[in-house]
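Just so you know, all these numbers are worked out from the coordinates, no wet-lab data involved. Just so you know, these numbers come straight off a predicted model, no measurement behind them. Positions of Cβ are backbone-derived with ideal geometry, glycine not excepted, and every protein chain shown enters the neighbour counts.
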Amino acid sequence: MDYKESLNLPKTDFPMKANLSQREPEMLARWDDMHIYARIREASAGRNPYILHDGPPYANGSIHLGTALNKIIKDILVKAKNMAGQDSIYVPGWDCHGLPIEHQVDKELGEKKAGMSQADKRRFCRVYADKYVGIQREQFKRLGVFGEWENPYLTMTYDYEAATVEEFGRLYLGGSVYKGKKPVYWCATCKTALAEAEVEYHDHTTPSIYVKFAFVSDIASRRPKLAGEKVSIVIWTTTPWTIPANLAIALHADFLYAAVKVKGDVFIIAKDLLDYCLDAFGFRQERYEILDEFPGAALEGLTCRHPLF
């Protein structure tokens, strides 16, 4: 007996396999033919608007997991707002300037870039960015993300650049722009400035050091118990190379500090770190005396001598 024939199984027109690699493009093409995003906007006309103006990805390659997740979350939000009764508008955009695009263009040009003018390099960057705007747009649409795909904003369009210059002009005329000096990170290979987000630090083990700064001010005027003593305040740093540029010493106003006399010198150290510091200085076996205790605020405004100058 064929038991299969005796089973009362449900019958359905649905295929046994989803075949998503074939079905999804068909579904997306159908939505595109229906102009479904435009129809959603038409049906939502007159409602309270909700506009998500995209924080743009770089147009420097195909999308990756991070950019995909970013767009999917935004798409969920926009569609949820629409279903909640708002006219939800998603305006996608692309950042067409910056180091990521320059870096990719440099790799493509190779040795040819040495003989190119700055204008030619910028034209190549524009073509490169435009290429990946088109590629990423189709990839985002492939994810089912609805939006103003035919009317995005691009930071390289001339009207966008003109608006940027216009706004900068307003800042200048309003007195918000000034000329000054500021150290910036610099890429020797790309010959361009780097943002802090573009700088990666290699893990490195480096020694920390303790440095004493002798008081120039008369500390006895504040702390009479220290009259006649050679008093220094001790700092700790993991960046010894910055010592020449040190201009100030910071103490916590409310923390308790101790003036400790060891081998004829008086060191001002945080009271809670006294034992730790004596070990670090190699003074654990030495006799010491706490001459005074006070909050950090008691030393505010006093001057010390730089140990190197």
Within-15-Å neighbourhood charge of K230 [Cβ basis; K, R +1; D, E -1]: +1
Can you list the lysines whose alpha carbon sits under 16 Å from that of K261, skipping same-chain ones fewer than 8 residues off? K212, K225, K230, K271
List the GluC sites (Glu not before Pro) within the stretch 197-252 that fall in a DSSP loop (any state other than H, G, I, E or B) and whose Cβ has at most 10 other Cβ atoms within 10 Å. E200
With respect to the cross-link table entries K107/K131; K121/K182; K121/K191; K71/K141; K71/K121, which display a Cα-Cα separation exceeding 20 Å? K121/K182; K71/K121
Sort L247, L20, L154 so the one with the fewest other Cβ atoms within 10 Å of its own Cβ comes first. L247, L20, L154
For F294, F267, what's the fewest-to-most ordering of other Cβ within 10 Å of each Cβ? F294, F267
Order of 110-121, 127-138 by packing, highest average Cβ count within 10 Å first? 127-138, 110-121
Per the beta carbon screen (other Cys under 4.7 Å), unpartnered cysteines of the chain come out as C96, C125, C277, C304
D (µm²/s, integer) via Stokes-Einstein for the stretch 209-299, Kirkwood Rh across alpha-carbon pairs, 4 °C, 1.567 mPa s: value 95 µm²/s
Set of aspartates and glutamates near K263 by C-alpha distance (under 20 Å), chain-local residues within fewer than 8 positions excluded: E229, D275, D279, E286, E289, D292, E293
Sort W31, W186 so that the residue with the fewest other Cβ atoms within 10 Å of its own Cβ comes first and the one with the most comes last. W186, W31
For K4, the lysines lying under 30 Å Cα to Cα, once residues fewer than eight places off in the same chain are dropped, come out as K17
Return an integer: the convex hull volume of the alpha-carbon atoms of the chain, in Å³ per residue. 378 Å³
Roughly what % of DSSP beta bridges within the stretch 209-299 run antiparallel, to the nearest 5? 85 percent
